[in-house]
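The block underneath contains the structure these notes are about, expressed in structure tokens.
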Amino acid sequence: MSDISAAALRGAVDLSTLRNRPQSAAQPQASSQGGGSAPAGPSGGVVMDVTDASFGEVLELSRTVPVVIDLWAEWCGPCKQLSPIIEKVTREQGGRVVLAKVDVDANPQIAQAFRAQSIPMVVALLGGQPVPMFTGAVPEEQVREVFSRLLEVAAQNGITGSVPVDGGDAAEAPPEEEAPLPPLHAEAYEAIEAGDYARAITAYERALAENPRDEDAKAGLGQVRLLNRVQGLDLQKAREAAAAAPLDLDAQFAVADLDLAGGHVDDAFARLLDLFAELPADQRVPVRERLVELFDLVGSADPRVAAARTRLASLLF
């Protein structure tokens, strides 16, 4: 759900560690808060890829124009559904909003600063302060509503600037209509948008029962199972429970799931591999099965999966 309000400007997210990073030599300093034209962001235009190193520029830019932060990862299925919608709605604003896309795997400091426990996570910056927008995939209509409210709050706080719109940001002809999703996939997406992960799981399982080679259903099932497991978990409490019971499978699984959902893939794998190494042989099967499930979720082409598989093999033999 969205949480765009003036009070949200007093959010407790600590961005100080990212504020003082050096700007690129070619990047001009953003003008002071208020109206007028702001300089383009680190990559130019209204949509940009942002890194740990360039995030300080985004903070400064947000003093003049609202900046929407899209926290995503390549392995995140719901991100691939939500990100194109956010980009489309951003471009429609004609430079009044800037979209900063952050790959949480490549930029863990930003993800940590925003306390991203799951992705996709979308946060706005107004005057250098975070404003929660939404977490998880949401329909386009809701994205438009939240953007509209964001612009209202920005105006209330005197942040009414804009950035130049280049040719790539100009309105384009509508794309050709995509083929409709298979019925069970459509049902799963509808359930995900409603937060009904159990129904989404059932839909994907039925799709796989009909076609065991349905890779999209397999990937979606892994994603939604993870979302279902982390729903409602408190990261701090989960870490405390895991620290108090280092060999408790449920406690360790919970933190590994939260780490993976937050983009801390290496941490999730390392926790489960360490647990596997400590357990007696007859208690290792659930840990190995969970590792394999997470490997499939991240993708076999990911070098972190290859490294974790190598370590698991060494522990098995």
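The values are calculated or read from the model by the stated rules, or taken from the named source; none is laboratory data. This one's a predicted model, so the numbers in the text were calculated from it and none came from an experiment. Here the Cβ is made from the backbone with ideal geometry for all residues, glycine too, and neighbour counts use every protein chain on show.
Points worth noting:
- Candidate set: segment 294-306, residues that are loosely packed, with under 14 Cβ neighbours inside 10 Å and in a helix (DSSP H, G or I); chosen: the one modelled with the lowest pLDDT: Pro303
- Considering segment 69-81, and only residues there that are of a type in the set (A, V, I, L, M, F, W, C) and in contact with a Phe, Trp or Tyr (Cβ under 8 Å, 6 or more places away or on another chain), the residue that is surrounded by the most Cβ atoms within 10 Å (Cβ to Cβ) turns out to be Leu71.
- Neighbours by Cβ (under 6 Å, 6+ apart or cross-chain): first from segment 266-277, more than 25 Å from Ala73 (Cα to Cα); second of a type in the set (A, V, I, L, M): Leu275/Val287; Phe276/Val287; Phe276/Leu315; Ala277/Leu315
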